[in-house]
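Read-outs throughout are calculated quantities, based only on the coordinates presented, and are distinct from any laboratory measurement. Note that the structure is a prediction, hence the values are computed from the model and not measured. A quick note on method: Cβ atoms are made from the backbone with ideal geometry, for glycine too, and the neighbour counts reach across all protein chains shown.
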Amino acid sequence: MDEGKLGRAVSETEALPIRARRPTVGVRVGRVLVGGGAPIVVQSMTNTDTADAEGTAGQSIELAAAGSEMVRVTVNVPEAAAAVPEIKRRMLDAGCQAPLIGDFHYNGHVLLTKFPECARALDKYRINPGNVGKGARRDEQFATISKVAAENGKPVRIGVNAGSLNQELVMRKMQENTDRDLGRTSEEILNECMVLSALESTELALASGLRKDQIIISCKISRPRDLIAIYRDLSARTDQPLHLGLTEAGMGAKGLIWSASSMAVLLAEGIGDTIRVSLTPRPGGDRREEVYAACELLQALGLRSFAPSVTACPGCGRTTSSTFQELAERIQDYIRDRMPEWKRQYEGVEELKLAVMGCIVNGPGESRAANIGISLPGTGEEPACPVYIDGRKATTLRGTYEELSAAFRALLEEYVAAKYPPRSPASGSPDSGSPDAGPAAPAPVPETLRIVP
Ligand code: SF4
């Protein structure tokens, strides 16, 4: 191959380019900045009964500790509105400063007016323009919510949803399509109506006293390709910050893949200032899964760093025992448990890379590429687990699964404490949604970890 061809071949293997973030107006939500060049913010929503202040505050704190930088609660009935100030107080008492967002449908104008302490305690109101009222009442009730927000100095999210789209707008656009013989599909019309609903509602919010830097927009739909089309259109027509999410994504692999495949396309194009992954949890499942998914999505694209990444092979016929899977799972869980504390203590720890591999085929290679990696023995291999630290074989572990797990965790703790400098107070709280600090300058590897057998 000549040099010209070689040069082209190399450039073709460059990583997927991520386009610069689309410029948007910055909106301050509590202590978190959304848009305006700030890092993309992760948010989630509780599924507790909001009237249960203790339970809802508890879950909000859990979600925030898992990485959710804003937490939304439904405010659907007077009892829920009455509980909001206590939820906020409990969060603050626990040291959780994640902004609290109220989700309103149908009666937001009533609840926010009758419960002024709720209006004051919330950091943002989500309004669904399709669920504010019908006919002339819709604009009037939407304006009431906007005015409460303006009086309290709060931002709003105008959250259009395909499942509750303003039907009068849809009928008008369908009729126009027929009358003018435009030949548009019903999906195209629905997509356009979502964008129009968001833009018209933004105008109404501005006319009701809100400023541009108090309005975030979303247009959620459950079909990935339509989500991409809608947000491309929306981002071309407004500079309000956009909240991104595939609504009603569903359960398990389906919810994860459908969310990631659509949101990744948009994020790679620089579209989206805050995201939520709307997973349906299994009965009794962990609500934090949606937070982990959102963080992983941003981290996979290189847009944010939240937690150390664990490279683990899928296992195959060479791994006939479950030790390898159990160790990989336990290390992942251990990191999640330790991250809140590590993040408070150490600068740049979220950049840490680990590997837990199942045999010698790819184990040593992946382990060397990680900061700290372990390669377990495959079937028929010597029962020894080489551990690599910063690309060099540091030690070999032997023993039962419990002993291996404990020894690897101890090495991990030692590595984190030695490698990452203490977080300075000036760098801010890591759950603040403040700009990423970026990777810390690596500290020297401690002598105890430089064991080469
Ligand atoms: S590293 Fe080994 S155990 Fe893991 S998938 Fe590859 S061959 Fe299988």
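Testing the spin-label approximation: label points 7 Å from Cα along Cα→Cβ at Ala384 and Lys212. State their distance in nm.
My value for the distance between the label points is 6.6 nm.
Taking a cut-off of 12 Å between Cα atoms, list the aspartates and glutamates near Lys124, but don't count ones fewer than 8 places away on the same chain.
Candidates past the 8-residue exclusion: Asp103.
Which ³J(HN,Hα) values, rounded to whole Hz and listed in residue order, are derived for region 82-89 from phi using the Karplus coefficients 6.51, -1.76 and 1.60 in 6.51 cos²θ - 1.76 cosθ + 1.60 with θ = phi - 60°, glycine and proline given as x?
With coefficients 6.51, -1.76 and 1.60, one gets 5, 7, 4, x, 5, 4, 4, 4 Hz.
Lys173: which aspartates and glutamates have alpha carbons under 13 Å from its alpha carbon, excluding same-chain residues fewer than 8 sequence positions away?
Leaving aside aspartates and glutamates fewer than 8 places away in the same chain, those within reach of Lys173 are Asp181, Glu187, Glu188, Glu192.
At 0.36 nm per residue, and after removing the present C-alpha to C-alpha distance, how many nm does the segment from Lys353 to Glu188 gain when stretched out fully? Don't jump to the answer; show the numbers that get you there.
Values: separation 165, 0.36 × 165 = 59.40 nm, distance 4.36 nm.
In short, 55.0 nm is gained.
If amide hydrogens are placed 1.01 Å from N in the peptide plane, which non-local residues have theirs closer than 5 Å to the one on Leu397?
Cys385, Val387
Please give the residues of region 50-93, grouped as numeric ranges, whose backbone N is less than 16 Å from a label point set 7 Å along the Cα-to-Cβ vector of Thr113.
Within reach of a label on Thr113, which here means backbone N under 16 Å from a point 7 Å along Cα→Cβ, region 50-93 contributes 78.
Could you order peptides 353-361, 67-75 by the average number of other Cβ atoms within 10 Å of their residues, highest first? Intermediate results must be reported in sequence, preceding the final value.
Values: 353-361: 21.7, 67-75: 25.6.
Sorting 353-361, 67-75 by mean packing, highest first, produces 67-75, 353-361.
What's the magnitude of the charge dipole for the chain around its Cα centre, counting Lys and Arg as +1 and Asp and Glu as -1 at the beta-carbon? Answer in Debye, nearest 20.
Details: 53 positive and 57 negative charges, 138 e Å.
Using only the charged Cβ atoms, the result is roughly 660 debye.
Roughly speaking, what is the stretch gain from Thr178 to Arg237, that is 0.36 nm per residue apart minus the C-alpha to C-alpha distance, in nm to one decimal? Walk me through the numbers on the way to the answer.
Numbers: separation 59, 0.36 × 59 = 21.24 nm, distance 2.54 nm.
Here the answer is 18.7 nm.
As I understand it, the value is the acute angle between the Cα axis of helix 323-345 and the longest principal axis of the Cα atoms of the chain; what does it come to in degrees, rounded to 10?
It is inclined by approximately 60 degrees.
Which residues does a label at Ala410 reach in region 361-379, if reach means a backbone N under 18 Å from a point 7 Å past the Cα toward the Cβ?
Only 373-375 pass the distance filter.
Please go through the residue pairs Lys88/Lys212; Lys134/Lys254; Lys154/Lys220; Lys134/Lys220; Lys343/Lys393; Lys147/Lys220 and name each one whose alpha carbons sit more than 32 Å apart in this structure.
Details: Lys88/Lys212 26 Å; Lys134/Lys254 35 Å; Lys154/Lys220 22 Å; Lys134/Lys220 21 Å; Lys343/Lys393 27 Å; Lys147/Lys220 25 Å.
From Lys88/Lys212; Lys134/Lys254; Lys154/Lys220; Lys134/Lys220; Lys343/Lys393; Lys147/Lys220, over 32 Å: Lys134/Lys254.
Would you work out the charge dipole size for region 197-262 about its Cα centre, treating the Cβ of every Lys and Arg as +1 and the Cβ of every Asp and Glu as -1, and quote it to the nearest 20 debye?
On the way: 8 positive and 7 negative charges, 44 e Å.
Computed about the Cα centre, the dipole is about 200 debye.
Given H placed 1.01 Å from N in the peptide plane, which residues other than close sequence neighbours of Gly270 have an amide H under 5 Å from its amide H?
Hits under the 5 Å cutoff: Arg19.
For region 202-235 and region 80-124, what is the separation of their Cα centres, given in Å?
Cα centroid to Cα centroid, the span is 23 Å.
For the chain, take N as its residue count and report Rg(C-alpha) divided by 2.2 N^0.38 Å. Write out the running numbers ahead of the final one.
On the way: Rg = 24.8 Å, N = 453, 2.2 N^0.38 = 22.5 Å.
Output field value: 1.10.
Per residue of region 393-406, what does 6.51 cos²θ - 1.76 cosθ + 1.60 with θ = phi - 60° give for ³J(HN,Hα)? Whole Hz please, x for Gly and Pro, Karplus curve as stated.
For region 393-406, the Karplus curve yields 5, 9, 6, 10, 9, 9, x, 6, 4, 4, 5, 4, 4, 5 Hz.
Taking H placed 1.01 Å from N in the peptide plane, check which residues at least 5 places from Glu347 or on another chain put their amide H under 5 Å from its amide H.
Here the answer is Arg423, since their amide H atoms fall under 5 Å of that of Glu347.
Find how much the distance from Glu86 to Glu54 grows on full extension, using 0.36 nm per residue of separation minus their present alpha carbon separation; answer in nm with one decimal.
On the way: separation 32, 0.36 × 32 = 11.52 nm, distance 0.82 nm.
Length gained between Glu86 and Glu54: 10.7 nm.
Determine the calculated [θ] at 222 nm for the chain from helices alone, applying -39500 (n - 2.57) to every DSSP H run no shorter than 4 residues and normalising by the residue count; nearest 500 deg cm²/dmol. Could you put the intermediate results ahead of the total?
Details: 14 runs with 198 residues, N = 453.
After summing the helix terms and dividing by residue count, I get -14000 deg cm²/dmol.
How much net charge surrounds Ile221 when only other residues with a Cβ under 15 Å from its Cβ are counted (Lys, Arg +1; Asp, Glu -1)?
Working: positive: Lys220, Arg223, Arg225, Arg232, Arg276; negative: Glu187, Glu188, Glu192, Asp226, Asp233, Glu248.
Result for the neighbourhood of Ile221: -1.
Under 11 Å from a point 7 Å along the Cα-to-Cβ line of Thr400: which residues of region 319-352 have their amide N that close?
Under cut-off, by backbone N: nothing.
Treat the count of other C-beta atoms within 10 Å as a stand-in for reagent exposure and order Ile217, Ile335 from fewest to most.
On the way: Ile217 26, Ile335 20.
Going from least to most buried by this count: Ile335, Ile217.
With θ set to phi - 60°, apply the Karplus curve 6.51 cos²θ - 1.76 cosθ + 1.60 along region 139-153 and write out the HN-Hα couplings as whole Hz, x wherever there is a Gly or Pro.
So the Karplus estimates, Gly and Pro as x, are 5, 5, 6, 4, 5, 4, 5, 4, 5, 4, 4, 4, 5, 8, x Hz.
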